Amino acid sequence: MAYYDGVSNMVAIEAHALEKEYATDGQPVRALRGVHLAVPNGAIYALLGPNGAGKTTLVSILTTLLAPTRGTAQVAGCDVVAQAADVRRRIGVTFQEVVVDGELTGRQALDFHGRLYGIDGQTRKQRIAELAALVELSDVLDRKAGTYSGGMKRRLELARGLMTAPQVLFLDEPTQGLDPQNRAGIWKYIRHLRDAQGITVLLTTHYMEEAEALADRVGIIDHGLLAVEGKPADLVRQMGADVITLAGQGPVAELQQRLSDTSYISRATHHAIDDNARLQIGVDDGERRLADVIGLAAAVGFRVHHVSVNRPSLGDVFLAYTGYALRDE
C-alpha cells in the first residue's frame, strides 16, 4: 500500500519565496524569482523545465549545495541554511552525471559511501546486501564498476543514494541516456521506494512519459518561477478534451482573443516559433470544432500553414506554460 494518498498534510520539502541571484560577466542574473513549493511526505514529485529555467538552482539549494539569496527552504523539517548538516544526514542525492569510480567494485563504492557517513560496519554490510538485491546487482557486486553497463551504473548510483536510509531522495535526470528497458527498471525501483518505504522523491526529468508514469505531482518551472503544479492527470485535463494546434502568420493576438471568447474553447495559448505563431487551442471535440476554429482564423486574417488535432498530453501542458517542447536528448 502506498504511503502517499494524495491528501497528506505532512510536508517533506517546502520553499517560501525562494530567490537566487548571482552575476555572470558582471551582469546580474535572477535564477529564482520567488519559488513557493510544498512536496507532501511520501510523494514522488517531478520538476520539469527548459534549460536555464531554474531547476538545477532550486535542487542545489534544497540539497544545501547553494545558499539562497532570499527566502527559506526546509527539507525533512530542517532549514537548508541554518541546519545544513542535519539536512545532509536526511537526504540522498544522485546526480545527472555518473560519478562512480570505475576502479572500485560495486561493493566498495557502497561501503566507502557508508563510511563517509559514519555508518558502522555491521549496518553497512546489511544495507549493501539489501540494496544490491533491490537494484538487482547482487551477482556483480564484486566486479569493478568500470565494467558495468550504463543501466547498471545508474542502479549502483541509486543504491549509493539510499545507503544512508534517507527520508528524501533527490534524483537529477535518473534515466538519462538509458534504453527503454533500463528506464522501466529504474521506474520500478523508484515506485518501490515510495510504496514500500515511504521515501519522498524529487526528480528532474526531460522525459514526459517518465513524469506521467512516476509522479504524484508535477511542477513546471520557467524563468525562475513555478508556473504551474498539480497531479499530471489534472493538468492534462485542464487542456480540454482535445488540442487543436495551428501554426501560421497573421494577427495572432486578435485571433487568441476571439478564441478565448468562444464557449467551446477551454484555453488558447500562443508562442512564436521563428517567423510563425503557434497556437494551442483546447476544445471539447477536436473533429467537430476544427472547421470552426479554422474559420475563426480566416475571419481575422490569420493564414494557417499547419494544423493538427490530438489528445492532450503532459507535453502539451509543458508547451502551453513555457513555449518550449521537451526533447529526449
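The values are calculated or read from the model by the stated rules, or taken from the named source; none is laboratory data. Treat the numbers as computed from the prediction; the structure is a model and nothing was measured. Here the Cβ is made from the backbone with ideal geometry for all residues, glycine too, and neighbour counts use every protein chain on show.
A compact table of results
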| read-out | value |
| --- | --- |
| Members of the stretch 32-44 that are closer than 20 Å to F318 by Cα and buried (at least 23 other Cβ atoms within 10 Å of the Cβ) | L32, V35, V39, I44 |
| Hey, G102 at positive phi, modelled with pLDDT under 95 and of a type outside the set (A, V, I, L, M) or not | no |
| Criterion (touching a residue at least 12 places away in the same chain (Cβ under 8 Å) and in the same structural domain as V293 (by TED's automatic domain parsing)) met by exactly one of A211, A215, A227, A268 | A268 |
| Lone unmet requirement of (1) in contact with a helix residue (DSSP H, G or I) (Cβ under 9 Å, 6 or more places away or on another chain); (2) closer than 30 Å to M10 by Cα; (3) outside any helix (DSSP H, G or I) for H206 | (1) |
| Answer from A159, A196, A211 - the residue that is modelled with pLDDT under 90, over 30 Å from A291 (Cα atoms) and in a helix (DSSP H, G or I) | A196 |
| Sole residue being assigned by TED's automatic domain parsing to the domain that holds T205 and either of a type in the set (F, W, Y) or under 14 Å from the mean Cα position of the chain (by Cα) (or both), chosen from L37, L18 | L37 |
| Failed criterion for R237 (all others in (1) within 30 Å of L37 (Cα to Cα); (2) surrounded by fewer than 14 Cβ atoms within 10 Å (Cβ to Cβ) hold) | (2) |
